[in-house]
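The values are calculated or read from the model by the stated rules, or taken from the named source; none is laboratory data. As the structure is a computational prediction, the values presented were derived from the model and not from experiment. Positions of Cβ are generated from backbone atoms using ideal geometry, with glycine treated the same way; all protein chains shown enter the neighbour counts.
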Amino acid sequence: MNTTESIYELFNQSDIQAILDSVPDTLLIVEGHGNAILFASANAPLTTGYTPQELCAMTVEDLLPDGLRSRHVKLRSGFQKNPETRWMGQNRGALLLKMANGEIRKIEAQLNPLVLRGTDLILAWIRDITDRRVEMDFDEKKLVGALLTLYREATTPENRLDQIMNQD
């Protein structure tokens, strides 16, 4: 490959589509001033349960649990006023996605604003973290349990922590 060649000289549109579809995360391209999904990568069914064609007839809010949809509209409006690459849900905990079968899954998502041919778009990279989150939740429960046990043992009359710490 010559370093002066662009990717577009080396690969045709179907090659570029194959590259996008091989990314392990789901890629959505969303209309920048609304919420219409314009493109979904081929692996979208793994993350959402919907085919790319089904997703392209949906809105972003269709992928959210019912109770989160109106809040998301407000958050999306804030992003549109200050579009910058960022992870969604920072400092808010896990994000939730409602799959085609109604199951709620925990996800991570990154937003990347993009302007193509004068059209504002948002690239959304979505990764299902449900299994990882379950493992973390379990480990957190084990940690809290161990700390509570340690506290109880340290505060019993015969093991008072302050007595142990003040021994000569």
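Considering the conditions (1) in a helix (DSSP H, G or I); (2) more than 14 Å from the chain's Cα centre (by Cα); (3) modelled with pLDDT of 90 or more, residue 47 is excluded by exactly one of them, (2). Residue 94 meets each of the listed conditions (1) touching a helix residue (DSSP H, G or I) at 6+ places or on another chain (Cβ under 6 Å); (2) hydrophobic (A, V, I, L, M, F, W, C); (3) modelled with pLDDT of 90 or more apart from (3).
This table checks each residue for (1) surrounded by fewer than 12 Cβ atoms within 10 Å (Cβ to Cβ); (2) among the charged types (D, E, K, R); (3) more than 23 Å from residue 117 (Cα to Cα).
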position	(1), (2), (3)
24	yes, no, yes
31	no, yes, no
39	no, no, no
43	no, no, yes
59	no, no, no
68	no, no, yes
85	yes, no, no
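For the condition farther than 18 Å from residue 25 by Cβ, among the basic types (Lys, Arg) and touching a helix residue (DSSP H, G or I) at 6+ places or on another chain (Cβ under 6 Å), residue 69 qualifies.
Evaluated against (1) touching a Cys at 6+ places or on another chain (Cβ under 8 Å); (2) crowded, with 17+ Cβ neighbours inside 10 Å; (3) of a type in the set (Phe, Trp, Tyr), residue 50 falls short on exactly one condition, (1).
For (1) under 25 Å from residue 51 (Cβ atoms); (2) among the acidic types (Asp, Glu); (3) without any contact (Cβ under 8 Å) to a residue 24 or more places away in the chain, each residue gets a yes or a no:
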| site | (1), (2), (3) |
| --- | --- |
| 95 | yes, no, yes |
| 98 | yes, no, no |
| 101 | yes, no, no |
| 105 | yes, no, no |
| 109 | yes, no, yes |
| 112 | yes, no, no |
| 118 | no, no, yes |
| 122 | yes, no, no |
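Taking region 27-43 as the range and being touching a Pro at 6+ places or on another chain (Cβ under 8 Å) and of a type in the set (Gly, Ala, Ser) as the test, the residues that pass are 32, 40, 41, 42.
Inside region 24-44, residues that are under 18 Å from residue 108 (Cβ atoms) and over 17 Å from the mean Cα position of the chain (by Cα) make up a count of 0.
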